[in-house]
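All remarks here apply to the structure that follows.
The values are calculated or read from the model by the stated rules, or taken from the named source; none is laboratory data. Please read all numbers here as calculations on a predicted model, not as lab measurements. Positions of Cβ are backbone-derived with ideal geometry, glycine not excepted, and every protein chain shown enters the neighbour counts. Areas reflect the complete protein model, heavy atoms only, side chains present, ligands, DNA and RNA absent. Shrake-Rupley method; radii C 1.70, N 1.55, O 1.52, S 1.80 Å.
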Amino acid sequence: MKKVLKIIGIVVIVLVILVVAIVVIVLGKAADKSAHYYKYSNATGEIEKKYTDMGPLDVTSKEYPSDDESIKKFVIWYPKELESGSEKYPVALWANGTGGNADSSTPFFKHLASHGFIVVGNDDANTRTGASLNAGIDLLLSENENADSPLCGKIDLENIGIGGHSQGGPAVFNMATKQPHADRIKTVYAVSATSSYHTAIFKDGWEYDISKVNVPTFLTAGTGTWDAGTAATKDQESDDEKGIAQGICPLWSLEENFTALPDSIDKVYARKTDVDHGDSYTQWDGYMTAWFSWYLKGDEEAGRASFGDAPELASNENYQDVEISGANN
C-alpha cells in the first residue's frame, strides 16, 4: 500500500510540474506576443513589412503628471538621439480605446518612436471628446519652450498627427474639428472607430461630425465579429433573436465616414481580414506607421503604401474593401 501511495505521489508531483511548466510557457508566449506584437502581424507587403518591423532608432521615454484626474499622466516616447542632436521630430498623439492607458500601449509607442516620431500617450480611459489629445499638444508646446526639457526646440510642431482606437476614433475626429488646437493637426488615423450607430446611443461627447475633418484621413478596421458585426446597414437594430448585431466599426460605418469626408482631401479606408476589435490597432501598425511617415516626414516610399499608380494596400491579399481617394491617386 505504501508503495502504491508513493507512486501516486510521484505521479501527482510530475503532473503538477508539467502543469506549472505549461502555464509558464503559455504566459511567456503571451508576454512575448504583447511585447513584440509586430512579429505576429502577418505582414506580407514589402512596404508593410518595413514599417511593421521595429525602426532603426533606440528610444526612451519621459512621464509627466497631469492635474486633470481623467488624464492622470502623459508618457512621451522619442528617439534617444534627440537628446544630443538638433533635429526636430514629427509628433504622433494617441487616443486610447475605452479603459486603455499609456502603460498597456508601451510596445506600440516604442515601435512608432523607433521610426523617428515623438509619441504622446496618456491614461485617459474615456477619450471620446478629444480633450486629452488637446491637452497633450498643450504639453508639447510647453516642453518645446522649456530649456530644461530634452524636448526643447526638438518638436516639429508643423507636423502633428493623431491616431486612436475604438473610442479613440471619435476622439481624433473631435480633436480635428472641435478642440482649440484643431488647426495644428496635419493628418488623422482611426482604427475600429466607434460607429455613428453607437455614438448616437451613447451621446455624452461620443458624437462627431467627420465631414468637418479637413486633413488626410486613414480609416481602418477588421473583419472579425466584434468589429464587423452582422448588420449590413445603420438602420438595422441589434437583435439577438434575429442574429443581428451592430459591430463597433462595420463596413457600412467605414463607407459612411469615408463618404462624409471632403473629396478635397486624401482619404482611405480598408479592412484587415481575420482581425477583430481587440488587436486591430496592433495588426494595422505597419500601414499606420507608413501613413504617418508619408504625411509627417515626407517619406515617399511610405506613401506608396496607399497612393500612386499601384498602392500596395490595394493589392495586399490580407486586406479587403480598400477605397482610396485623393490628389495622389
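Quick notes on this one:
- Residue among THR106, THR98, THR60, THR127 that alone is polar (S, T, N, Q) and open to solvent by 50 Å² or more (accessible area, probe 1.4 Å): THR98
- Counting the residues of segment 138-169 that are in contact with a helix residue (DSSP H, G or I) (Cβ under 6 Å, 6 or more places away or on another chain) and either in a helix (DSSP H, G or I) or of a type outside the set (Val, Ile, Thr) (or both) gives 8.
- Contact map, segment 291-314: first residue within 17 Å of THR220 (Cα to Cα) and without any contact (Cβ under 8 Å) to a residue 60 or more places away in the chain, second residue open to solvent by 50 Å² or more (accessible area, probe 1.4 Å) and part of a loop (DSSP other than H, G, I, E, B), Cβ cut-off under 8 Å, separation 6 or more or different chains; pairs are GLY303/ASN328; PHE307/ASN328; PHE307/ASN329; PRO311/ARG304; PRO311/ASN329.
- Here PRO250 passes the criteria (1) without any contact (Cβ under 8 Å) to a residue 60 or more places away in the chain; (2) open to solvent by 40 Å² or more (accessible area, probe 1.4 Å) except the one numbered (2).
- Helices (runs of 4 or more DSSP H) contained in segment 271-329 and holding at least 1 residues of a type in the set (Phe, Trp, Tyr) and open to solvent by less than 10 Å² (accessible area, probe 1.4 Å): 285-297
- Residue pairs meeting the criteria (Cβ under 7 Å; at least 6 apart or on separate chains; first closer than 16 Å to THR129 by Cβ and open to solvent by less than 40 Å² (accessible area, probe 1.4 Å), in segment 194-206; second among the small types (Gly, Ala, Ser) and assigned to a loop (DSSP other than H, G, I, E, B)): THR194/SER166
- Considering only residues in segment 209-247 that are part of a helix (DSSP H, G or I) and β-branched (Val, Ile, Thr), the one that is surrounded by the fewest Cβ atoms within 10 Å (Cβ to Cβ) turns out to be THR225.
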